[in-house]
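The values are calculated or read from the model by the stated rules, or taken from the named source; none is laboratory data. Since this is a predicted model, take the numbers as computed values, not measurements. Cβ placement follows ideal geometry from the backbone for every residue including glycine, while neighbour counts extend to all protein chains displayed. Remember, those area values only see protein heavy atoms, side chains included, never the ligands or the DNA or RNA. Shrake-Rupley method; radii C 1.70, N 1.55, O 1.52, S 1.80 Å.
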Amino acid sequence: MTQALDIRGLTKTYGDGFQALKGIDLSVAEGDFFALLGPNGAGKSTTLGIVSSLVNKSDGEVKVFGFDIDTNLSEAKMNLGVVPQEFNFNQFEKVFDIVTTQAGYYGIPLRRASESAEKYLKKLGLWDKRNSPARMLSGGMKRRLMIARALVHEPRLLILDEPTAGVDIELRRSMWSFLEEMNRQGTTIILTTHYLEEAEALCRNIAIIDHGRILKNTSKRDLLQELSLETFVLDTEVALNSPPELPGFVCRLDGEGALEVDVEKGQGLNQVFVQLEDMGIKVVSMRTKANRLEELFIRMVEENASSAKPAEGVAE
Amino acid sequence: MTSRAILTAYYTIVIREIRRFTRIWAQTLLPPVVTMTLYFIIFGNLIGSRIGEMGGFDYMAFIVPGLIMMAVITNSYANVVSSFFSMKFQRSIEELLVSPVPNWVILAGYVSGGMARGLSIGLLVTLLSLAFTNLSIHSLPMMIVTVVLTSALFSLGGFINAMLATKFDDISIVPTFVLTPLTYLGGVFYSIDLLPNFWQGVSLLNPILYMVNGFRFGILGVSDVNPYVSLGMILVFIAGLVFVALTMLARGKGIRH
Ligand SMILES: Nc1ncnc2c1ncn2[C@@H]1O[C@H](COP(=O)(O)OP(=O)(O)OP(=O)(O)O)[C@@H](O)[C@H]1O
Ligand SMILES: [Mg+2]
């Protein structure tokens, strides 16, 4: 099957000599919902920038639905919609004009462009604003405008670089369901995000990138299974002075006097409660310490920083 | 892209450009009309009546072709340099970079946009001049070909300037320090016959002199230089600048890291 995106040996050295990508291999299957995760400066935007012709690559190969950007750039571009990290529309132009003009750049005649613009502006809740200059939109509306603009030519692959940055919770949820709907209808989606619960909620496959290298490229399910240890935070009725002895478990007190217990996979929580009960400690509430993916992510990036050698997955 | 799609993309760019300069008409269309009216009144009427003849015509009739060309040159250049640079500045150039529009269509679109403004203003100034003098046209084809090619040439110049510019200052350097002096010294206000030999020779190095005289030939039938040499020169410059602009676009100079 053709991959929606296929990247081989991609490197990028910027004009100032900085090597932002050190040989990236990445493939995203058609129909996938894919997350590219990594800390600030990891090389996410550089990678997506090369795919979308905003950045010149130094070396390597990029194919969009089999179309090589070196030899079949126009076809590759036709199949691709891009929502960049930073606002990049003319602030003085009207919302509707921005979207129809973009369609025109893809060769779509005005009547069809207008229909398509109407469809996506309505779906993204911007139809009322169609005659406003872009600068009068709120931050969240500007993001949605960029999504409408990226979709106006109905690309098969949609790339979003931090689409939900600065978007409130309610709107984020509605953007999620919009993207899920697009994905269900067949659009392949790649996004970057710093909200790991977003990746956990939406994506099927995940790659983690750091310092210009892919540390991990696997399914979300496998990634989460690697997480063998989970930390639970228990609030006790009476604050504890020192962590209790719970044989088989590692525990400590957090800064606010709540009890943190590390639980291995398959160990179960019953023993924790039985032992606490015996000690007369009453638990009033419980939560997991952090988003599971976040924990894994932080651990990986830290390992990568502490080991001089590239981590597994690089040599694939 | 199919040729029909390319045509749509080209129209899209041109229409966007026209929409831009008409939206900000108070900055783009009004000022040249005001300035040119002042030129007509002061140089043509008040001072011109004391100067008498120039090149065999009354002074007003002599300067009208030069002033039209001056307006066309300045506005063609200004339109493209400010529009394209502000696209770069606001990053909306990325809308074009991600799309499949070929580079030569981008260039053609912007140059056409600059020509649309330059030539509309040329037409406005021509109509305005009719309130001050009678224009009897010597050769309409010569007049039109010269003004259209000149407008294309300076639109190209504005495009290259915008590609090279990294800050707002950079887009006013060329108009202020190169275009304005060359236009004033390019025979808009006088025939180079008035100059001593040495300065006549220097003036002949000024390309704008050829364009102004070619256009004046179209209207009045008089010129300081051979009008066909003028046309040939404009064409050579256009070819050179098209090559430079397309090379820069292909490399992504200043627009792609
Ligand atoms: N134009 C440029 N010139 C030089 N270096 C650059 C340029 N753009 C990015 N870089 C560098 O390349 C590295 C990767 O940047 P990139 O924008 O790809 O990171 P990112 O993963 O998208 O980060 P973030 O999450 O902060 O958006 C960074 O160290 C950055 O400083
Ligand atoms: Mg980024």
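For segment B:233-257, filtered to residues that are at pLDDT 90 or above and farther than 19 Å from residue B:110 by Cβ, the residue that is surrounded by the most Cβ atoms within 10 Å (Cβ to Cβ) is B:235.
Tell me, which helices (runs of 4 or more DSSP H) wholly within segment A:131-202 include 3 or more residues that are under 27 Å from residue A:107 (Cα atoms)? Spell out how you get there, then give the answer.
Details: elements: A:139-151, A:169-184, A:196-202.
In segment A:131-202, A:139-151, A:169-184 are the helices (runs of 4 or more DSSP H) which contain 3 or more residues that are under 27 Å from residue A:107 (Cα atoms).
Quick check on residue A:167: is it within 24 Å of the chain's Cα centre (by Cα) and either under 22 Å from residue A:48 (Cα atoms) or crowded, with 22+ Cβ neighbours inside 10 Å (or both)? Yes: the conditions hold for residue A:167.
Cβ-Cβ contacts under 8 Å between residues 6 or more apart (or on different chains), taken from a first residue in segment A:40-56 that is under 13 Å from residue A:191 (Cα atoms) to a second residue that is open to solvent by less than 20 Å² (accessible area, probe 1.4 Å) and near ligand 2 (Cβ under 8 Å from one of its atoms), are listed as A:44/A:161; A:44/A:192; A:45/A:161; A:45/A:192; A:48/A:161; A:48/A:192.
There is no residue in segment A:44-54 that is within 8 Å of ligand 1 (Cβ to nearest atom) and touching a helix residue (DSSP H, G or I) at 6+ places or on another chain (Cβ under 7 Å).
Selection of segment A:110-136 for residues being open to solvent by 50 Å² or more (accessible area, probe 1.4 Å), within 14 Å of another protein chain (Cβ to nearest Cβ) and farther than 22 Å from residue B:90 by Cβ yields A:110, A:111, A:112.
Here segment A:192-202 is the region considered, the condition is being of a type in the set (A, V, I, L, M, F, W, C) and within 16 Å of residue A:174 (Cα to Cα), and the residue that is farthest from ligand 2 (Cβ to nearest atom) is A:201. Mind checking which residues of segment A:203-228 are crowded, with 20+ Cβ neighbours inside 10 Å and of a type in the set (A, V, I, L, M, F, W, C)? If the condition is that a residue be crowded, with 20+ Cβ neighbours inside 10 Å and of a type in the set (A, V, I, L, M, F, W, C), then A:203, A:206, A:207, A:208, A:209, A:214, A:215, A:223 are the ones that fit. When restricted to residues that are among the small types (Gly, Ala, Ser), more than 16 Å from ligand 1 (Cβ to nearest atom) and more than 14 Å from chain B (Cβ to nearest Cβ), segment A:137-170 contains 3. The residues listed here are B:91, B:117; of these, the one that is in contact with a Phe, Trp or Tyr (Cβ under 8 Å, 6 or more places away or on another chain), open to solvent by 10 Å² or more (accessible area, probe 1.4 Å), of a type in the set (Lys, Arg) and touching a residue at least 60 places away in the same chain (Cβ under 8 Å) is B:117.
Being more than 14 Å from chain A (Cβ to nearest Cβ), at positive phi and surrounded by fewer than 24 Cβ atoms within 10 Å (Cβ to Cβ) is a condition met by at least one residue of segment B:42-53. The condition of being surrounded by fewer than 24 Cβ atoms within 10 Å (Cβ to Cβ) and either within 15 Å of ligand 2 (Cβ to nearest atom) or closer than 24 Å to residue B:95 by Cα (or both) holds for only one of A:29, A:20, A:4, that being A:20.
Listed by first and then second residue, the pairs linking a residue in segment A:75-97 that is without any contact (Cβ under 8 Å) to a residue 60 or more places away in the chain and under 19 Å from residue A:112 (Cα atoms) to a residue that is acidic (Asp, Glu) and open to solvent by 60 Å² or more (accessible area, probe 1.4 Å), with Cβ atoms under 9 Å apart and 6 or more places separating them unless they lie on different chains, are A:96/A:118. Within segment A:115-138, residues that are in contact (Cβ under 8 Å) with a residue 40 or more places away in the chain and in the same structural domain as residue A:176 (by TED's automatic domain parsing) have Cβ atoms under 6 Å from residues that are part of a loop (DSSP other than H, G, I, E, B) and among the aromatic types (Phe, Trp, Tyr) in these pairs: A:133/A:92; A:134/A:89, counting only partners at least 6 apart in sequence or on another chain. In the condition set (1) among the hydroxyl-bearing types (Ser, Thr, Tyr); (2) touching a residue at least 24 places away in the same chain (Cβ under 8 Å); (3) within 14 Å of chain A (Cβ to nearest Cβ), residue B:86 is compliant with all but (2).
Filtering segment A:82-109 to residues that are more than 7 Å from every other protein chain (Cβ to nearest Cβ) and among the aromatic types (Phe, Trp, Tyr) leaves A:87, A:92, A:96.
For segment A:36-81, residues that are open to solvent by less than 10 Å² (accessible area, probe 1.4 Å), of a type in the set (Val, Ile, Thr) and either within 10 Å of chain B (Cβ to nearest Cβ) or within 16 Å of ligand 2 (Cβ to nearest atom) (or both) total 3.
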